Protein chains: 2
Amino acid sequence: MFESAELGHTIDRKTYKEIVPALRADLLDAQYDVGQLKAFSVLILINGVEGSGRGETVNELAGWLDPRHVLTYAFGDPSDEEYERPYMWRFWRALPPKGKIGILFHNWNGGPIQARATKQIKLSELNQQVGEINRFEAMLAREGTLILKFWFHLSKDEQAQRFKLLAKDPSTRWRVTKADWENHKRYDKFRDVAEHVLRLTSTAHAPWIVVAGADPCYRTISVGRTVLEALRKRLDIEALGAKQLVSAAAPLPAKSDTVNLINTLKLDQALTKKEFDRQLEKLQGSFAMLTRRPEFRERPMIVVFEGRDAAGKGGTIRRITGALDARQYRVVPIAAPTEEEKAQPYLWRFWRNVPRNGWVTIFDRSWYGRVLVERVEGFCSEADWMRAYAEINDYEDQLVRHGSILVKFWLVISAEEQLRRFKERETTRFKRFKITAEDWRNRERWQDYESAVCDMVDRTSTEIAPWTLVEADNKYYARIKVLRTLRDRLEQAMSS
Amino acid sequence: MFESAELGHTIDRKTYKEIVPALRADLLDAQYDVGQLKAFSVLILINGVEGSGRGETVNELAGWLDPRHVLTYAFGDPSDEEYERPYMWRFWRALPPKGKIGILFHNWNGGPIQARATKQIKLSELNQQVGEINRFEAMLAREGTLILKFWFHLSKDEQAQRFKLLAKDPSTRWRVTKADWENHKRYDKFRDVAEHVLRLTSTAHAPWIVVAGADPCYRTISVGRTVLEALRKRLDIEALGAKQLVSAAAPLPAKSDTVNLINTLKLDQALTKKEFDRQLEKLQGSFAMLTRRPEFRERPMIVVFEGRDAAGKGGTIRRITGALDARQYRVVPIAAPTEEEKAQPYLWRFWRNVPRNGWVTIFDRSWYGRVLVERVEGFCSEADWMRAYAEINDYEDQLVRHGSILVKFWLVISAEEQLRRFKERETTRFKRFKITAEDWRNRERWQDYESAVCDMVDRTSTEIAPWTLVEADNKYYARIKVLRTLRDRLEQAMSS
């Protein structure tokens, strides 16, 4: 959920100053159009961790906009007026009318997270409140509100650095309270709860947009661009007069630099064949031992492999199955759906392959096709793949709550390495069946796929089912990393 | 929720036999079209109280359809295969493919109700499961499934009669088990939980359809007609090719006789002016006393008046305010929304009028406009008023959880009495402002309004906020019934 926000995104002051004038002018134009059209309201919800620059960013953004049409609210302790009415009353008071922009700090999303992180409510109570939030936001979206939910993120280290920095300067010292340091101690708990709530409240009509909060220039540009793109997208749809499509126009995070989850990886990791052979034997041995333990018979294991063509999924899977009893596993290769599968909801064909306890099912490609190939190739609408993130998270939640050990791998190769492997496949006789015209065609959309992969990891790498990105230009290294991850996850699962 | 189902609907055997041949032929035709089109699947969910004829009805219905394209499943205890997978796996296995009809007994809706009625789970756990059900059904609807959720209802007395009848006949005695009688003892608890779950899971894309289960002929015709109408409606929309509208095509209950909540009331109840004066003084006195008690200062009171033009809302409201301190109440008359209100979600103008503790707010017309005038006059789409039931229930749930005493009245007058009052208004000078051309026009849609009122009561008379229907042809009787209801509700609220 927070993977992309921890990559150390930055924009330097000079670039920032170059970007701002045009961005500001564009935002004012868009705001003017929203105000003239009066067809929808814009609700900007600001949440996140302490010290992540929420206030500064919004101050900056509000300064760029026409203040007559922006309403900003921060909700602290309820007033007596508010206390004597239902909880949501204060938020209803603050809703922006059509044509205006409302910016709400500490809104309905913040309270439940804080309450759970400080153990004031139980998990089932939290989930009940999550249901209420979802119903409320669905209603707002259907009533025409454009909802932008920003989550400002800082890693634990970044938060500590930020607090220390503020405390050092006499002019900002007052901003770091004892309560902030208390909260810092609870950072991990807070993060877990936040991840849980973000997962369950990220819907097709109101998805969360996670902002890296450490760098002031980066976060401001990010938020500004995301708001601008969301306004423009919605204005375009309104211009088409397509009422039905409106709720499908989800705001998506704008790209404000070129740093992403994939291109920050060092894909060609060193590992010799000799070292590979030595480690492989050892890891396969421990993996085999673990899957033969009696506790393993009480849980199923599900392993997902995704990656570009020729990323090495097949070879890696063979190294896993090599350690397993053939009566115990099944490899499910996922290609285009059959007629029978097409006649069912898209998750149906994965549900039918859910393993029993004690079984291992390895998916060679998976339910993530919907947010990868189907998204990029336009096989489904934006509304369909946007809602798929939440549906997939729900599916995996059910698997994990049942006790499944779920491990997901994305094998990452570079464009150059893929090309090398394609050519090798064309010339090596027994590999020729593995390369088709479609593989070459897919290469042309390299960047689109990369964006889709980053979104996928950000939206579906959750506290219950994290993604493991595997640097796979060196196939030896990739296979060892996968096997080691599996062994660790198994050990961890069986000791808990 | 179950009001309409307790009116003693019946269809005699002879009429039944006249209806069936054509209905059956129409159903077969519709089923054939669904099968040929293969654009959507049909999911019929069967739930309800024991002894309400669920099995018999479905057997009958299945007999009318082409059995090659109907899949019926009943879910008892999970098999070992099912037990070793996530809870929902068994239901995924049973989903019908596009072009087919699936009938599912004891599905995902039944388990949570049973578990809560027998106190195996907490309320917050129940609500958490409700959220999961809603997400699952929303996904199915968006994937193209037509969902028909039937709830078979019997009153407590009807259930006892049914069990006794079965127990008397040696050939059916085996069908009433000890467990059934145990469940009968828990009837009230079960009904409360069912009402709660039905309220929270009745959505625009999958609303509950409550079926009166006591009369075999009536319930079979009802279900058959509802299925037929839902299939035809969806087929029509598919024929238009309007993909976006599909999820808006909610199945609605078919009318199978002329008995409804309104026309079974005796509208002209006797009460003399003299008796009225005597009782009014007494009731106003107790009401005034109750609202001056210190406990009252800790809760708000919200009174809703709905009813046709000239039903006597104004006069009744004056009799209430006559007993209140002017500093303590506010009457909010609801007409067409202002510009400011139109720029907000439709519930906004009611949220802004939520009273503080110790205050009484009386709404002369209310948020129910959406499912009455807006529905009947076509001011909003079917999808909009269908989702409004759930949104209104959510709103009232928040009011009541805050501690509000919420009382809702529908004043019922006959068409003849309305006509008499209209004419009186035209001739009485000080009443002439009260009658407009629109009032006369509304009379033309008398039946449409009556249907809308019955649906409104069925879908929004809940365990937390029941409707009181007031027979209002005699205005004295109506005013006394309203005041007595208010006094009773206040007394009850303050003693709890």
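Quote to one decimal, in nm, the extra length available between B:Thr10 and B:Arg356 on full extension: 0.36 nm per residue of separation minus the C-alpha distance between them. Don't skip to the end; give the middle numbers.
Numbers: separation 346, 0.36 × 346 = 124.56 nm, distance 4.67 nm.
Here the answer is 119.9 nm.
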Fill in the blank from the handout: Contour minus Cα-Cα span, A:Glu3 to A:Lys274, at 0.36 nm per residue, comes to 94.2 nm
Exercise for the section: Tell me which residues come under 5 Å, amide H to amide H, from B:Lys100 once H is placed; ignore anything under 5 positions away on its chain. Expected result: B:Val42
Completion exercise
Quick calc, A:Trp174 & B:Trp174: beta-carbon distance into FRET formula, R0 60 Å, rounding 0.05, result 0.15
Exercise for the section: Mind checking segment A:430-489 for GluC sites (Glu not before Pro) that DSSP puts in a loop (not H, G, I, E or B) and that have at most 12 other Cβ atoms within 10 Å? Expected result: A:Glu444
Exercise for the section: State, to one decimal in nm and shortest first, how far the label point of A:Gln269 sits from each corresponding label point in the other identical copies (label point: 7 angstrom along Cα-to-Cβ). Expected result: 7.8
Handout entry: Whole-Hz couplings from phi, Karplus 6.51/-1.76/1.60, listed for segment A:18-34; x for Gly and Pro
Key = 6, 6, 4, x, 5, 4, 4, 5, 5, 5, 4, 4, 5, 4, 4, 5, 4
Problem - Whichever lysines have a C-alpha closer than 18 Å to that of A:Lys274, once near sequence neighbours (fewer than 8 apart) are set aside - result: A:Lys282, A:Lys475, A:Lys481
Fill in the blank from the handout: Expressed in nanometres to one decimal, the distance between label points 7 Å along Cα→Cβ at B:Ser381 and B:Ala326 is 4.8
Completion exercise
Place a point 7 Å from the Cα of A:Asp257 in the direction of its beta carbon; the residues of segment A:193-236 whose amide N falls under 15 Å from it are A:211-223
Problem - Distances in nm from B:Leu165 to the matching label points in the other copies, shortest first (labels 7 Å along Cα to Cβ) - result: 7.7
Handout entry: Where labels lie 7 Å past Cα in the beta-carbon direction, separation of B:Arg443 and B:Glu18 in nm
Key = 3.3
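Does segment B:273-495 classify as rounded, prolate or oblate by the C-alpha gyration tensor (a ≥ b ≥ c root eigenvalues; a/c under 1.5 gives rounded; else a/b over b/c gives prolate, otherwise oblate)? Kindly include the intermediate steps, with their values, before the conclusion.
Numbers: a/c = 1.70, a/b = 1.10, b/c = 1.54.
Judged from the Cα gyration tensor, segment B:273-495 comes out oblate (a/c at least 1.5, b/c at or above a/b).
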Fill in the blank from the handout: Expected vector for segment B:173-187, Karplus 3J(HN,Hα) from phi with 6.51, -1.76, 1.60 and θ = phi - 60°, integer Hz, x for Gly and Pro, equals 4, 4, 7, 9, 9, 4, 4, 4, 5, 4, 5, 4, 5, 8, 3
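Are there any chymotrypsin sites (Phe, Trp or Tyr not before Pro) in segment B:346-421 that are in a DSSP loop and have at most 16 other Cβ atoms within 10 Å? List them by number. Numbers along the way, then the final one.
Numbers: sites: B:Tyr346, B:Trp348, B:Phe350, B:Trp351, B:Trp359, B:Phe363, B:Trp367, B:Tyr368, B:Phe379, B:Trp385, B:Tyr389, B:Tyr395, B:Phe409, B:Trp410; in loops: B:Tyr346, B:Trp359, B:Phe379.
Passing sites in segment B:346-421 are B:Phe379.
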Practice task
Let me know the shape class of segment B:4-248, please: from the alpha-carbon gyration tensor, a ≥ b ≥ c as square roots of the eigenvalues, rounded when a/c is under 1.5, otherwise prolate if a/b is greater than b/c, or oblate.
Solution key: oblate
Problem - Gained length - B:Glu463 relative to B:Lys189, 0.36 nm times residue gap less alpha-carbon distance - result: 97.5 nm
Completion exercise
Whole-Å distance linking the alpha carbon centroid of segment A:102-139 with that of segment A:283-345 is 37
Exercise for the section: Tell me which residues come under 5 Å, amide H to amide H, from B:Phe152 once H is placed; ignore anything under 5 positions away on its chain. Expected result: B:Asn47, B:Gly48, B:Val49, B:Val211
Completion exercise
Contact order relative to length for chain A, counting C-alpha pairs under 8 Å separated by 6 or more residues, stands in percent at 19
Exercise for the section: Taking a cut-off of 17 Å between Cα atoms, list the aspartates and glutamates near A:Lys178, but don't count ones fewer than 8 places away on the same chain. Expected result: A:Glu50, A:Asp169
Exercise for the section: Obtain the nm distance between the two label points defined at B:Asp236 and A:Asp66 by a simple spin-label model: each point lies 7 Å from its Cα along the Cα-to-C-beta direction. Expected result: 4.5
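What FRET efficiency comes out for B:Thr264 versus A:Lys122 if R0 is 51 angstrom and r is the Cβ-Cβ distance? Round to the nearest 0.05. Don't jump to the answer; show the numbers that get you there.
On the way: r = 45 Å, r/R0 = 0.89.
About 0.65, to the nearest 0.05.
Need one word for segment A:1-84: rounded, prolate or oblate. Basis is the Cα gyration tensor (sqrt eigenvalues a ≥ b ≥ c); a/c below 1.5 gives rounded, then a/b vs b/c decides. Don't jump to the answer; show the numbers that get you there.
Numbers: a/c = 2.15, a/b = 1.14, b/c = 1.88.
It is oblate, given that a/c is not under 1.5 and a/b is not larger than b/c.
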Exercise for the section: List the distances, in nm and shortest first, from the label point of A:Asp12 to the matching label points in every other copy, placing each point 7 Å from Cα along the Cα-to-Cβ direction. Expected result: 9.4
Handout entry: For segment B:168-212 and segment B:432-496, distance of Cα centres in Å
Key = 28
Fill in the blank from the handout: Expected vector for segment B:310-318, Karplus 3J(HN,Hα) from phi with 6.51, -1.76, 1.60 and θ = phi - 60°, integer Hz, x for Gly and Pro, equals 6, 6, x, 5, x, x, 5, 4, 4
Exercise for the section: Determine which lysines satisfy two conditions relative to B:Lys122: a Cα distance under 23 Å, and not lying fewer than 8 residues away in the same chain. Expected result: A:Lys119, A:Lys122, B:Lys185, B:Lys189
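Values in this text are rule-based calculations from the coordinates and carry no lab data. Here the structure is a predicted model, which is why all the values come from computation and not from measurement. Note: ideal-geometry Cβ built from the backbone for every residue, glycine included; neighbour counts use all protein chains shown.
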